[in-house]
Every structure is written in structure tokens, then in C-alpha cells.
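One structure is given below, encoded as C-alpha cells.
The values are calculated or read from the model by the stated rules, or taken from the named source; none is laboratory data. The shown structure was predicted, so the numbers you read here are calculated from the model rather than taken from an experiment. Note that each Cβ is placed from the backbone with ideal geometry, even for glycine, and that neighbours are counted across all protein chains shown. What goes into the accessible areas is simple: the full protein's heavy atoms, side chains included, and nothing from ligands, DNA or RNA. Shrake-Rupley method; radii C 1.70, N 1.55, O 1.52, S 1.80 Å.
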Amino acid sequence: MSATTKIKICGVVNPDMARDCVAMGADMIGLMLYPKSVRAIHLNMAKIIAAAVIAAGGEPVAVFVEQDIQAMLAICEFTGVTTVQLHGDQPRQDHGQLPQHIKRIYVLHCDELGMVQADREGVNLLDAQRDVLLFDGAHSGSG
């Protein structure tokens with residue numbers, strides 16, 4: 001698999017916005033499923049948005065923060081999402097237990113100089129054929 005850059009827009013809160021983002025060139029649409037986020041959406045809305053993203057030709061992404069493996073799998077099954085973004089210690093430790101059909105976006109944090117903070121153990125479990133890296137700021141969601 002060759003290295004490519006993909007565009008992911010996160011925090012989309014309705015299906016019209018999701019369709020517009022895909023039409024404008026976004027590859028992936030992040031569905032914020034962390035209840036403490038100001039952009040968090042209910043599971044029913046996540047399912048509706050995911051269907052809209054797929055119909056528009058994009059890829060919905062379930063964004064998890066500290067959910068356990070059972071919660072991640074149940075949410076993916078309910079929403080029809082097959083790509084997850086992993087934030088927090090719990091999902092990053094458990095991601096090796098996700099089934100092969102679930103694609104993982106593994107978050108690596110960078111400091112203010114852009115240097116990646118090491119996380120070799122989790123990265124070593126990734127599969128280059130299905131998984132991708134996302135480089136984020138020092139704090140999740142900071143870009």
C-alpha cells in the first residue's frame with residue numbers, strides 16, 4: 001500500500017454537512033462519540049450521518065476516547081462504521097483485539113515543535129494494509 005494523504009473532517013453533526021464535506025473533497029468524516037466533546041453526537045445521529053457519508057462516497061470514522069473494546073465494537077455494529085480513530089490509553093491498548101474488518105486510525109501526538117511522541121508498542125501492532133496514522137497536536141483534537 002502506498003503512502004497517501006487523506007483529508008478527514010471531524011466533528012460533523014448532521015448528514016447535510018457530511019455530504020457537503022465529501023462533495024468538497026473530504027475522504028473521511030469523523031463522528032465524535034466522546035460524550036464530553038462539544039461536538040459529540042448521539043448514536044442515532046451517528047448512524048444517519050454514517051449512511052449519508054457512505055452514500056456520498058466517503059468513509060465515516062467513529063472517534064473514540066477511552067471506550068473499551070466491547071463499546072467500540074457495539075457502536076461500530078450499530079452505526080455501520082468500519083473505521084475507528086483511537087484516543088486515550090484504553091482504546092490504544094486494546095486496538096489489537098479489533099477484528100480484521102475494522103480499519104484503525106492510530107493517533108500519534110506531536111509536541112509544539114512537530115516532533116512525534118514515541119509510541120512504538122501500539123504502532124507495531126498496526127497493519128499497513130488497513131490502518132493509518134494520524135498526527136495530532138500534543139492534546140487530542142488540537143490539530
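Restricting attention to the range 63-87, the residues that are part of a helix (DSSP H, G or I) and among the small types (G, A, S) total 2. For the range 13-45, residues that are touching a residue at least 40 places away in the same chain (Cβ under 8 Å) and open to solvent by less than 20 Å² (accessible area, probe 1.4 Å) total 5. Would you confirm whether any residue within the range 112-125 is within 18 Å of I69 (Cβ to Cβ), touching a His at 6+ places or on another chain (Cβ under 8 Å), modelled with pLDDT under 75 and open to solvent by 20 Å² or more (accessible area, probe 1.4 Å)? Within the range 112-125 (the criterion being within 18 Å of I69 (Cβ to Cβ), touching a His at 6+ places or on another chain (Cβ under 8 Å), modelled with pLDDT under 75 and open to solvent by 20 Å² or more (accessible area, probe 1.4 Å)), the answer is yes, since at least one residue qualifies. Taken together, V107, V65 contain a single residue that is at pLDDT below 95 and open to solvent by 10 Å² or more (accessible area, probe 1.4 Å), which is V65.
Listed by first and then second residue, the pairs with beta-carbon distance under 6 Å, at least 6 apart or on different chains, first residue in the range 58-74 and at positive phi, second open to solvent by 10 Å² or more (accessible area, probe 1.4 Å) and of a type in the set (V, I, T), form an empty list. Just a yes or no: is a residue in the range 46-55 assigned to a loop (DSSP other than H, G, I, E, B), at negative phi and either open to solvent by 20 Å² or more (accessible area, probe 1.4 Å) or not hydrophobic (A, V, I, L, M, F, W, C) (or both)? So far as the range 46-55 goes, no, none of its residues is assigned to a loop (DSSP other than H, G, I, E, B), at negative phi and either open to solvent by 20 Å² or more (accessible area, probe 1.4 Å) or not hydrophobic (A, V, I, L, M, F, W, C) (or both).
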